[in-house]
């Protein structure tokens, strides 16, 4: 059983690295349909039209790919302090950063697999410039309909050497609940789906067979309608974007999904969860067996092999 | 600003009264697509296919219509106790009931307008009988696709003589946040939208011009896709159900809506919110002016006049 | 009964006039999502992404608005000759034109209400330049997803003083079938829906109460999915385009519709017909009474009053 | 180039054989959502809600599976006579039958691969009994929303030893146009898509590698919306129906598809074509190479292997 803790309010943003910066930026803005909200050094800040914060994706030029860090917003200043105290006890802390264009002071810490997380309270809420003001005042920004145009950041997936360690970490450090998981016949956990709020998941972690640690699997934005996902497939097709798998419906979480690779190789999903929420405060983790997973996705599509092998940064042979 | 309190987890169920019991039951089961999960005295317990509790609608034969009570589930036993203490200080308490087929002990209390609320922790989680077992174990019940077939209870709307009193009540008693509201030019509040979790709203309250108190406006279930709402319109049409207004998109909350009257006259909505959530822990209430509301719904449909006059029970002339 | 004649293959294009040329062109390209395929004098040629001909809309700068002419493609050279012979016997002929960028020689003729029609066989099939080549070779042009982005020209609607004369004209001159019509209680025909092929209609004619003749009611492109119409509503909303009515489903023909005015005032629809076709070769005209029409559109929306009064060019008072 | 002939109006019905009659009937009525319109001997007549004729599927109890015959309706009595004269010259005629509950006299003939075709003019148009009368008079029958509930018969697919012979047959006998085809590197034709009207195809023929002749590949009904196909997948899943492949979008014809096997093993598709029509009277056949087909379906899904091997009746080993 996972009781909700509520200290972490929601996933706020990811920082992704790209070694093909201009191409990646073109993809995220013109094909995927995000909007640039700022630039700073080697980074461009990007956002979906109903993200309420300044940004949800910080795209940073680099000589490699993968995730530089992920950030969660706390539910209050006190909640942030409670979490920091817990994480310091876990000896995973890196320390405070000053924040960036998107938010105030952030406490950084490591996952057991070496991914960098941060927690912050003070945020820079998006104030739409005139050209981006929405017609309806209860959404953050104009719906421009350019490219895929998802609504908001939804979740991300990290690869890890030992998923069970990541499970303990997410539950203890962030107060996440484990909504679903895959129990392998060898006793290991194949994958875990976590949430800090009423979404079915905001983070997933699956086993990395490559021997590497700290790698990134994918980032996902939510679109309002399944038809947006189908339309996205046509947009990716016409723009020469590599479609890895989908559209189809996941058995786990029931998400209607579509996976592509952005030009630098980071995996990007666009998804729709329908009206699914996890409202039950004492939700019991749904545990899937290997036998159940062999049936494939909800309607029978087999899980694509590259899902278990492709991560960023890529494995360097030597 | 509305800080989240989290003591109330979510709206759990409504009890609606009908003076045309068999017709209302036929509507909810065969046209609207709910499933009967139990019977007790004059009541039938109904549920949507992904409600995790035993029921979300208790339909009770009566000589009138309207809402007998509404129930929220607490986030924990301690949260329930905290809320009861608050409500007792507010002098709105009715007292403890033993619960019913759907849940354990419930603390009942009055709204300032005379509606009956209850809060409970112990619940009877739905265990699907063989014929209702879903193909995928992470949903509560089989998707049968009969009639409209919404996924889960979403929200309800109460009429009140003085919306501002209801606003104070919802914030103080349940710890609700006010996500959107209508500020009338005469200084009164025309309507308020409340949430205890990450949904945009689970309860709405609008002004009753009739002089009556404690009346009911509508109950709403959420369907996964906008196409479900459009399909519902065809199903209502073919079954001779009175369509009051829609399908269209609300300006407030952005909900894609369709309103009908069930045979006894209670207003019933089926709706889709897309991927909208209120994740921001310090969300500021969106305040709409009368001038803004005169523009009608999102795409220009004028708010139907009966929306301000039709409630249950009806006003008896004398 | 209307037996199919097949001489006319399909509606090919309209020429619309605008006295706000740049604004209209911006609307059709950036908001409605057509593509420019050529320019000639005061005209720009526009096309939807799966129109197989060079253009389906010729937008011409003028000091007024309305339709300059409409063009149908014949099924063969022989079919064209048969039709011209019929029309000449009807004394409605204007004569041959050389065609334009979009097609070869066209025979022009008048409707009884003064609208200009043309029929042609030789056409300039669209050859996509490199940047417009589709990923799949069986569609005419790349799906760019810009703005509303409908698939192809669908139908148009003309106002007329006497719809019964237009009915006789369409049946005799083009070999159209009357698939549906409105029979008024005063003995007149309120509206007629015509087709030359398997579509439910490619032309509609409704009564003009203004006393003017030869006026234009609207042009319609077909989008693939209902969700495209709903998405169009958001795009129109965000771009400040006046939405006259919809989205909703017509009772007649069952079309899912949305009507707006382009900047110069010409009415433009985007619509979806689902899988509806008129395949029956001896389809009997569906005749609607006034009483039936008073029920409004399919799901109860009342037909908007401006539908009976707004046409282009506008009526000049004097 | 394929000039339209128009003598054949449209595909009217298939007669399918089943050796699991009750299970197949349950599938077609309760899961797929057709309606029974009559019974006669070992056959039940079935129809979709907007088929205008008495039936579109005759399901006949048998000791095997596959297609007993397919029927096309002619555009007029004269058109029927013209076609019969052509077919008799081709020496493929079987002769006249009296028709059945669904239609009048029909001329039967063989395909080069041994499939039985028939052409008829007189038909028994569906007259909805009271309980099946639609709310809107321009559709044939009430939309009940039971199961998948497609709108109308769309097309079928036959396996053949030599597709090129089938191509010549369809063009000469029925006046079909070849809208798309697959040209194999070995010089043979891998598949052909035919139409007699404005649909992209009403019949497809693909190569049978089994050595058998006269076999059946699949029958397809059209649903109005893509969401109907996605919803169908959930309905099939919950009812234990074997899903072979999909939902996904075909590269050829662009159809959004979903294939299942009914209980006796006949392949059944439900599909949506969007707004696609072949309106061009001199449409040139789109020819796909093997290299192009190796890219898979529109969004990259590989064509499932069983698509080339599973037909009905099954191949008997011995």
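Each reported figure results from applying straightforward, stated rules to the coordinates on display, with no laboratory input. Nothing here was measured: the structure is a model prediction, and the numbers come from that model. Cβ placement follows ideal geometry from the backbone for every residue including glycine, while neighbour counts extend to all protein chains displayed.
Under the convention of a label 7 Å out along Cα→Cβ, give the distances in nm from residue B:240 to the same position in every other copy, shortest first.
For residue B:240, the other copies' label points sit at 3.7, 5.0, 6.2 nm, shortest first.
Since chains D and B are linked by a rotation, which residue in D has the beta carbon closest to its axis, and how far is it in Å?
So the chain D residue sitting closest to the axis is D:227, 2.
Does chain B classify as rounded, prolate or oblate by the C-alpha gyration tensor (a ≥ b ≥ c root eigenvalues; a/c under 1.5 gives rounded; else a/b over b/c gives prolate, otherwise oblate)?
Rounded, since a/c falls under 1.5.
Going 7 Å from Cα along the Cα-Cβ axis for the label, what nanometre distances separate residue C:295 from the same residue across the other copies?
Copy-to-copy label distances at residue C:295, shortest first: 3.5, 4.2, 4.7 nm.
How many Cβ atoms of partner chains, on average, are near each residue of B:239-252 if near means within 10 Å of its Cβ? All intermediate terms of the calculation are to be shown ahead of the outcome.
Values: counts 4, 1, 0, 1, 5, 1, 3, 4, 6, 6, 6, 2, 5, 3.
So the per-residue partner count for this stretch is 3.
What percent antiparallel are the DSSP beta bridges of the protein assembly as shown, to the nearest 5? Before the final figure, lay out the partial values.
Values: 222 of 310 bridges.
The answer is about 70 percent antiparallel.
Quantify how strongly other chains surround peptide C:278-285 by giving the mean number of their Cβ atoms within 10 Å of each of its Cβ atoms.
If you average over the peptide's residues, the count of other-chain Cβ atoms is 6.
Provide the FRET efficiency to the nearest 0.05 for the residue C:116-residue B:22 pair, computing r from the beta carbons and using R0 = 56 Å.
For residue C:116 and residue B:22, the calculated efficiency is 0.35.
Evaluate E = 1/(1 + (r/R0)^6) for residue B:132 and residue A:133, where r is the Cβ-Cβ distance and R0 equals 51 Å; express this FRET efficiency to the nearest 0.05.
The pair residue B:132/residue A:133 has a calculated efficiency of 0.60.
For the range A:196-318, rounded, prolate or oblate, judged on the Cα gyration tensor with a ≥ b ≥ c (square roots of eigenvalues), a/c < 1.5 rounded, else prolate if a/b > b/c?
Working: a/c = 1.62, a/b = 1.15, b/c = 1.41.
Taking the square roots of the gyration eigenvalues as a ≥ b ≥ c, the range A:196-318 is oblate.
Shape call for the range C:96-215 from the C-alpha gyration tensor, a ≥ b ≥ c root eigenvalues: rounded (a/c under 1.5), prolate (a/b greater than b/c) or oblate?
In terms of gyration-tensor shape, prolate.
Please compute, for peptide D:130-138, the average count of beta-carbon atoms on other protein chains lying within 10 Å of each residue's beta-carbon.
Mean partner shielding for this stretch: 5.
Just the Cα atoms of the protein assembly as shown: what Rg and Dmax do they give in Å?
31.1, 96
Provide the FRET efficiency to the nearest 0.05 for the residue C:315-residue B:89 pair, computing r from the beta carbons and using R0 = 41 Å.
It comes to 0.05.
Going by how many other Cβ atoms sit within 10 Å of their own, how do D:162, A:154 line up, fewest first?
Least to most surrounded, the residues fall as D:162, A:154.
What's the exposure ranking of A:295, C:249, going from fewest to most Cβ atoms within 10 Å?
A:295, C:249
Give me C:188, A:294, C:142, D:267 sorted ascending by neighbouring Cβ count inside 10 Å, so fewest comes first.
Placing the least packed residue first, the sequence is A:294, C:188, C:142, D:267.
Can you list the distances in nanometres, one decimal and ascending, from the residue D:40 label point to the identical position in each other copy, with the point 7 Å along Cα to Cβ?
Counterpart label points of residue D:40 in the remaining copies fall at 5.5, 5.6, 7.7 nm.
Given points 7 Å out from each Cα along the Cα-Cβ axis, report the residue A:304 to residue B:96 separation in nanometres with one decimal.
If labels sit at residue A:304 and residue B:96, their model points lie 5.7 nm apart.
Quick one: Cα centre-to-centre distance for the range D:125-176 and the range C:59-123, in angstrom?
If you average the Cα positions of each part, the centres end up 35 Å apart.
With a cut-off of 18 Å, note down the residues of the range C:70-107 whose backbone N falls inside the zone around a label point 7 Å from the Cα of residue C:39 toward its beta carbon.
C:101-102
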